[in-house]
Amino acid sequence: MSNVPADPDPSSAARTTRSPFIRLTELITGIEPGKPAINLTVGEPQHPIPPFVGETVNRTLKEFGRYPPTKGTERVRRAAASWLENRFALPRPVDIESELLVLNGTREGLFLAALTAKEIVPPRTGRPAILVPNPFYAAYVAGAVAAGCEPVFLPATKDNGFLPDLDALDDALLTRTVAIYFGSPSNPQGSVADLAYLKRLVGMARKHGFLIFSDECYSEIYTRDKPPGMLEATGADFANVIVFNSLSKRSNLPGARVGIAAGEKRFMLKFLDYRNVVAPQVPGPLQEVAAAAYSDEAHVEENRRLYRLKFDLADQIIGDRYGYTRPAGGFFLWLDVSKYGGSEKVAVKLWQEAGVRILPGGYLAHNQADGSNPGADFIRVAMVQDQDITAEALHRIVATLD
């Protein structure tokens, strides 16, 4: 028997795909903020965009008059592949013709990946399943539901380092698994899986014939060691592994909607066929911006410096409250507010009394079979504003809760 209990109401997963931000708006509608509002909900970087963006768009404006290639221009694919090789300890370079695609943001790529996986993974034993960390990014569950697979939620709690417990995955579950979504650094907890963990997961995928969708969009936001990537754990053929990354967090370009997918050739070929029919291309000027961004590290280093300064503020202001520890990656605080009534109650309190808008952790997670919700005792605080606003918000949180 699997140590991951089945969802007693699998259809409830469809309800889980509702936007947590819409749920928050519904929760606090009609409640006036107690102080001038500070929004720390959305993971939307507020740091300056790279200086080369405007010039690059102006220089390539005429490309808005052409249909861009779905797979991405050779220039951006070459730049992205070079970045992957320089950033990660890859066993070999990524083939830009057969192992890398440009995406219109990683959200659409992560969603469509599930539909592609369902078509190419060999028949499963039992009801096809897609494994999802819990808490999770909503696109994972939406993709699983759209592909007609059962989302199986893997609790990522403090007890297991806020990562799915691989020991809980037995053969009965893995033989019906089509794919697993996995994030490192994780959203919202900021946990980073070491290379041994990644290699073990790759071994499980190859033994049982399922795919790994590794969401690495926060890979460049860290304050200590560089997080390893899943392609480092594959061996020379990248079999069973597809990684997703984007410029939204790395380069402060969430509005550009540019991402990449790289990995197994078999998957990428079918993925390209599927996207040629249903997915939007990235406009030519924005592909040029992406090529420039992947070729420059100076703006990324400055970005990390700014986040490091804000986590220094959290170290000072939050201290040892709310179970806070400085996360290994990402730009969120994941704060334990169980002693204050849980995530929804605290979200209302912070808005009503302090004007601070944060996201209830329970809205980022699904109820497990035993009725527990791995996010219900936590709030997610996005450290995306400037230092002064961030410091003000953190002081308000402490003053209101203490």
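The values are calculated or read from the model by the stated rules, or taken from the named source; none is laboratory data. Just so it is clear, the model here is predicted, and its values are computed rather than measured. Cβ atoms come from the backbone with ideal geometry, glycine included; neighbour counts cover every protein chain shown. Side chains included, ligands, DNA and RNA excluded: accessible areas come from the protein's heavy atoms. Shrake-Rupley method; radii C 1.70, N 1.55, O 1.52, S 1.80 Å.
The relative contact order of the chain, computed from alpha carbon pairs under 8 Å that lie at least 6 residues apart in sequence, is 26 percent. Residue ranges 171-183, 116-128, 55-67 sort as 171-183, 116-128, 55-67 when ordered by packing (mean number of other C-beta atoms within 10 Å per residue, highest first). The relative contact order of the range 31-166, computed from alpha carbon pairs under 8 Å that lie at least 6 residues apart in sequence, is 15 percent.
Counting only Cα atoms, the size of the range 101-249 along its three principal axes is 43, 35, 32 Å, in decreasing order.
For residue 212, the residues whose modelled amide H falls within less than 5 Å of its own, excluding neighbours fewer than 5 places apart on the same chain, are 180, 241, 242. Using only the Cα atoms of the range 191-325, build the gyration tensor, take square roots of its eigenvalues as a ≥ b ≥ c, and label the shape rounded, prolate or oblate: rounded if a/c is under 1.5, else prolate if a/b is larger than b/c, else oblate. In terms of gyration-tensor shape, oblate.
Please give the calculated 222 nm ellipticity per residue for the chain, where each DSSP H segment of at least 4 residues contributes -39500 (n - 2.57) and the sum is spread over every residue; nearest 500 deg cm²/dmol? One gets -11000 deg cm²/dmol as the mean residue ellipticity at 222 nm. Oblate is the label for the chain. Its Cα gyration tensor axes, ordered a ≥ b ≥ c, give a/c of at least 1.5 and b/c at or above a/b. Sorting the Cα pairs of the range 308-348 by distance into bins of 10 Å, from 0 upward, gives 28, 50, 23, 0 percent per bin. Around the amide H of residue 337, modelled in the peptide plane, lie the amide H atoms of 378, 379, all under 5 Å away and 5 or more residues distant in sequence or on another chain. Accessible area per residue for the range 176-268 is 26 Å², calculated with a 1.4 Å probe on protein heavy atoms, without ligands, DNA or RNA. For the range 249-402, evaluate the Debye formula with one uniform point scatterer on each Cα (no solvent term) and list log10 I(q)/I(0) at q = 0.11 Å⁻¹, rounded to two decimals. The computed values of log10 I(q)/I(0) come out as -0.63. Here the Kirkwood formula, the inverse mean of 1/r across different C-alpha pairs, assigns the range 143-187 a hydrodynamic radius of 11.8 Å. For the pair residue 82 and residue 175 in one chain, pulling the backbone fully straight at 0.36 nm per residue adds 29.9 nm over the alpha carbon distance. Please say if the range 140-224 is rounded, prolate or oblate, where rounded means a/c under 1.5 for a ≥ b ≥ c the square roots of the C-alpha gyration tensor eigenvalues, and otherwise the choice is prolate for a/b larger than b/c and oblate otherwise? Prolate shape, in that a/c is at least 1.5 and a/b is the bigger ratio. Using the 1.4 Å probe convention, the accessible area of the range 353-402 works out to 33 Å² per residue with neighbouring protein chains retained.
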